[in-house]
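Peer 1: Here you go, one structure.
The values are calculated or read from the model by the stated rules, or taken from the named source; none is laboratory data. Only a predicted model underlies this, so the values are computations on that prediction, with no experimental measurement involved. Backbone-built Cβ (ideal geometry, glycine too); neighbour counts: all protein chains shown. When the accessible area is computed, the model is the full protein with side chains, heavy atoms only, and any ligands, DNA or RNA have been set aside. Shrake-Rupley method; radii C 1.70, N 1.55, O 1.52, S 1.80 Å.
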Amino acid sequence: MKKIKQSWAEPYKIKMVELLKMTTVAQRKKALKEAGYNTFLLRSEDVYIDLLTDSGTSAMSDRQWAGMMMGDEAYAGSRNFYHLEEVVRDVYGYKYLIPTHQGRGAENILSKVLIKKGDIIPGNMYFTTTRLHQELAGGKFEDVIIDEAHDPENTFPFKGNVDLNKLKSLIKKHGAPKIPYVSIATSVNMAGGQPISMKNLKELRALTKKHHIRIIHDMTRVAENAYFIQQKEKGYADRSIKSIVKEICSLTDGATMSAKKDALVNIGGFLAVNDYDVYEEARNMVVVYEGLHTYGGLAGRDMEAMAIGIKESVGDEHIKARIGQVIYLGEKMMHYGVPIVQPIGGHGIFVDAKKFLPHIPQDQFPAQTLAAEMYLDSGVRTMERGVVSAGRKPNGENYYPKLELVRFTIPRRVYTQAHMDVIAESAARVYERRDAIKGMKMVYEPKYLRFFQARFEKL
Ligand SMILES: *Cc1c(COP(=O)(O)O)cnc(C)c1O
């Protein structure tokens, strides 16, 4: 008898729905023009399926909503803070917790505490806000991710790995005292949600220990990374997501977290460290930038929802369905011939815009163009992850990243399989008429993180 496949399915049912506005092509054309062809500047009301980001867009559970009602809105010493601290210690294992309004709040504080002018911060590919805070603190980011990560067609399962030889030569060139920490992201966002292996992380730990260099973990999508370790790394098939997450964290010295992703909340983040001295300085600094160290810019109810969300985020069934849905969409797009980054990552599908629109040069923004075309076709909102996101170097020159991608990010627990079908079919339609699509020029460029607010015109 043939073995019948066992599909992923949601470990929850729907209790409340949010109605969506359906728009016409003419309405979308107008909206797009008003938004300067930047999907960040569209009104969400005009969007049908919103894949702009998986950040803060998750559906909370009934338990999280119940937790919101248990907010202790005291200025100091809220009981929700102590609950969150207990959960962070239990699930992740980090000793000291400082809540922040979101991930970049933690990055700001950590960068100010650890980085001195002229320092080098190696990392497994940059992230926009992370690198900017490192630079604003006087440091210089150096990419030490393996070369495979820059090749969208390479199917190596752990494209988030660090190339230890690249790191060794940086240590040799600059000396370990110039490197305050190695910045390690799990499920590397800019590489397409690609995981780092436990083996690589262990080797990195051994190398950094020898040189007394810290590892700071961007743990925004650590549970999604753990799923790939469970599925693809030898020796982890029988391990729970929770135990793998804890093992990953145990190999690092501290973390910044955007709880708006893995942790299933609409707002929130934290900094967590094991070193008391770093904690003490960060606890002092959080008062300046975020709020008192027992709320860090969050309401008590936000911390409660986060504590509950963290526990739900490391459930095996949760992650299986979450990534199952992403893989379903990716396989469907591949079936239509749409060029995507492989292997399929954890939080979305990344379409290779250079391959999709080979006739548009990178300085005419192929990924930005494709994101606009997707919206026009079906009201599906995606975002650019290419030359616009990469921004400019401190000396003013453009970064030209090898990857020119459009990100179809899937919010957690929000859309159905039928929505995934609509998205894939729309991408296939745009792909069919790709030869007729023209590039764009940038007509307004903000100074920082330009992708959020830049404006374009069609050529
Ligand atoms: C979102 C994100 C951040 C920044 O977090 P915010 O909550 O948006 O400030 C940092 N690192 C990674 C990998 C992210 O995806």
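Peer 1: Which value, in Å² rounded to 10, gives the accessible area of His150 with a 1.4 Å probe and all protein chains present?
Peer 2: 40
Peer 1: Continuing with the same structure: How much length would be gained if the chain were fully extended between Asp421 and Ala436, taking 0.36 nm per residue of separation minus their Cα-Cα distance, in nm to one decimal?
Peer 2: Extending this stretch completely gives an extra 3.0 nm.
Peer 1: Then there's this: Counting only heavy atoms of protein chains, what accessible area per residue, in Å², does the chain have with a probe of 1.4 Å? Walk me through the numbers on the way to the answer.
Peer 2: On the way: 19900 Å² over 459 residues.
For the chain, the solvent-accessible area averages 43 Å² per residue.
Peer 1: Sticking with this structure for a sec: Quick one: with all protein chains in place, what share of the accessible area of region 62-313 is carbon or sulfur, to the nearest percent (1.4 Å probe)?
Peer 2: 52
Peer 1: Further question on the same structure: Measuring from label point to label point, each 7 Å out along Cα→Cβ, what is the Tyr444 to Ser169 span in nm?
Peer 2: 4.3
Peer 1: Here's another thing I want to ask about it. From the square roots a ≥ b ≥ c of the eigenvalues of the alpha-carbon gyration tensor of the chain, which class results: rounded (a/c under 1.5), prolate (a/b over b/c), or oblate?
Peer 2: rounded
Peer 1: Tell me what the chain gives for mean residue ellipticity at 222 nm when only DSSP H runs of n ≥ 4 count, each as -39,500 (n - 2.57), the sum divided by the residue total, rounded to 500 deg cm²/dmol. Present the calculation step by step, with values, prior to reporting the outcome.
Peer 2: Details: 16 runs with 177 residues, N = 459.
So the calculated ellipticity at 222 nm is -11500 deg cm²/dmol.
Peer 1: Okay, moving on. For region 396-459, what % of the accessible area comes from carbon and sulfur atoms, probe 1.4 Å?
Peer 2: 50
Peer 1: Can you tally the net charge around Gly123? Count Lys and Arg as +1, Asp and Glu as -1, for every other residue whose Cβ sits under 9 Å from the Cβ of Gly123.
Peer 2: Working: positive: Arg131; negative: Glu142, Asp143, Asp218.
Local net charge: -2.
Peer 1: Let me spell out the model: positive unit charges on the Cβ of Lys and Arg, negative unit charges on the Cβ of Asp and Glu, origin at the Cα centre of region 62-313. What dipole size does that give, in debye rounded to 20?
Peer 2: So the magnitude is around 740 debye.
Peer 1: What is the sum of charges around Lys168, taking Lys and Arg as +1, Asp and Glu as -1, for the other residues whose C-beta is under 12 Å from the C-beta of Lys168?
Peer 2: For residues surrounding Lys168, the net value is +2.
Peer 1: Taking a 1.4 Å probe, which of Phe81, Phe452 shows the most accessible area, and what order do the others take after it?
Peer 2: On the way: Phe81 10, Phe452 60 Å².
These residues rank, largest area first, as Phe452, Phe81.
Peer 1: Now for a separate question. Trypsin sites (Lys or Arg not before Pro), restricted to region 11-64: which are DSSP loop and have at most 14 other Cβ atoms within 10 Å?
Peer 2: Loop-located and lightly packed - Lys13, Lys15, Lys21, Arg43.
Peer 1: How much of Asp50 can a 1.4 Å solvent probe reach, expressed as accessible area in Å² and rounded to 10?
Peer 2: Looks like 40 Å² after rounding.
Peer 1: What accessible surface, in Å², does a 1.4 Å probe find on Thr57, ignoring ligands, DNA and RNA and rounding to the nearest 10?
Peer 2: 50
Peer 1: In nanometres, what is the gap between the two model label sites at Lys209 and Ser240, each 7 Å from Cα along Cα-to-Cβ?
Peer 2: Here the modelled spin labels are 2.6 nm apart.
Peer 1: Anything over 22 Å Cα to Cα? Flag those among Lys112/Lys199; Lys355/Lys441; Lys234/Lys261; Lys173/Lys199, in the order listed. Write down the numbers at each step before the final one.
Peer 2: Values: Lys112/Lys199 31 Å; Lys355/Lys441 20 Å; Lys234/Lys261 27 Å; Lys173/Lys199 26 Å.
The pairs that break the limit, which is 22 Å between Cα atoms, are Lys112/Lys199; Lys234/Lys261; Lys173/Lys199.
Peer 1: Could you work out how far apart the two model spin labels at Thr155 and Glu10 are, taking each label as a point 7 Å from the Cα in the direction of the beta carbon, and quote it in nm?
Peer 2: Calculated label separation equals 3.1 nm.
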